[in-house]
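The values are calculated or read from the model by the stated rules, or taken from the named source; none is laboratory data. These numbers come from a predicted model, not from an experiment. Reconstructed Cβ throughout: ideal geometry from the backbone, glycine too, with neighbour counts over all protein chains shown. Keep in mind that these areas ignore ligands, DNA and RNA; they rest on the heavy atoms of the full protein, side chains included. Shrake-Rupley method; radii C 1.70, N 1.55, O 1.52, S 1.80 Å.
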Amino acid sequence: MADGVLIRPFRNTDADALWRVLEPVIRAGETYALARDMTRADALAYWTGPDRETFVAEVDGEIAGTYYLRANQTGGGAHVANCGYVTAAAFAGRGLAWAMCLHSLDRARGCGFRAMQFNLVVSNNTRAVRLWESLGFETVGRLPRAFAHPTLGDVDALVMYRLL
């Protein structure tokens, strides 16, 4: 874990701080296939839904990032985890996403998952692609023009995967 970062389970009292982290990313529409006009209630319900575990990353007592962990599929695919990560802009480039991913890999192993898959990594999100690759993820699929980027138009999305 990065120095000074505490990663812990989400609590209902974190909702306002979590929304402050999520809202700019949702509104920008550049990295998640979520409606840019998604309401606070819908965003929080999605991010903290009953089918997932949600964590927050604190730096000096401030929520600086978040991730969720869930099964990617049910039935025969339930042994593969899926995660989503968001870092607040003020904390970008400080190793927070790296710390959250390492935490999620450990947590996924502890939950009995045997692999992790990211279903839609926007190809022009080069910082994320490089980070996931540095942590052992491989691009196993490219979905041509599968993501409608608000300024670049339709761009490719990547499916990234690693065994645990």
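Multiply the residue gap between THR151 and ASP51 by 0.36 nm, knock off their C-alpha separation, and tell me the result in nm, one decimal place.
The THR151-ASP51 span can extend by a further 32.8 nm.
Taking 0.36 nm per residue of sequence separation and subtracting the Cα-Cα distance, how much length would be gained by fully extending the chain between ALA41 and ASP3, in nm to one decimal? Could the numbers behind the result be given before it?
Numbers: separation 38, 0.36 × 38 = 13.68 nm, distance 3.24 nm.
Gain in length upon complete extension: 10.4 nm.
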Query - For the stretch 71-164, with +1 on Lys and Arg beta carbons and -1 on Asp and Glu, the positive-most of CYS83, PHE147, ASN119 along the dipole - result: CYS83
Query raised in the report: Is any residue of the stretch 82-104 close enough, with backbone N under 11 Å, to a label point placed 7 angstrom from the Cα of ALA28 along the Cα-Cβ axis, and if so, which?
Result: 86-93
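Tell me, what is the percent relative contact order of the stretch 43-164, built from C-alpha pairs under 8 Å that lie six or more residues apart? List each step's numbers first, then the result.
Values: 203 pairs, mean separation 23.2, N = 122.
In percent, rounded to a whole number, it is 19.
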Query raised in the report: For the stretch 101-164, what is the relative contact order in percent, using Cα pairs closer than 8 Å and at least 6 residues apart in sequence?
Result: 41
Report summary line: For the chain, the percent of accessible surface on carbon and sulfur atoms (probe 1.4 angstrom, ligands and nucleic acids excluded) is 51
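Just to confirm, what accessible area per residue do you get for the chain at 1.4 Å probe, in whole Å²?
Values: 8340 Å² over 164 residues.
Ligands and nucleic acids excluded, the result is 51 Å² per residue.
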Query raised in the report: So how do TRP98, TRP19 rank on accessible area, 1.4 Å probe, biggest first, that is with the largest at the start?
Result: TRP98, TRP19
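Using only the Cα atoms of the stretch 32-164, construct the convex hull and provide its projected area averaged over every direction, in square nanometres to one decimal. Kindly include the intermediate steps, with their values, before the conclusion.
Numbers: hull surface 34.9 nm².
About 8.7 nm², averaged over all directions.
Students sometimes get this wrong: rank SER123, SER134 by accessible area, probe 1.4 Å, all chains present, largest first.
Order by accessible area, largest first: SER134, SER123.
Once the piece of chain linking LEU135 and ARG109 is laid out straight, how much longer is it, given 0.36 nm per residue of separation minus the C-alpha distance between them? Before the final figure, lay out each step's value.
Values: separation 26, 0.36 × 26 = 9.36 nm, distance 1.47 nm.
Difference between extended and current length: 7.9 nm.
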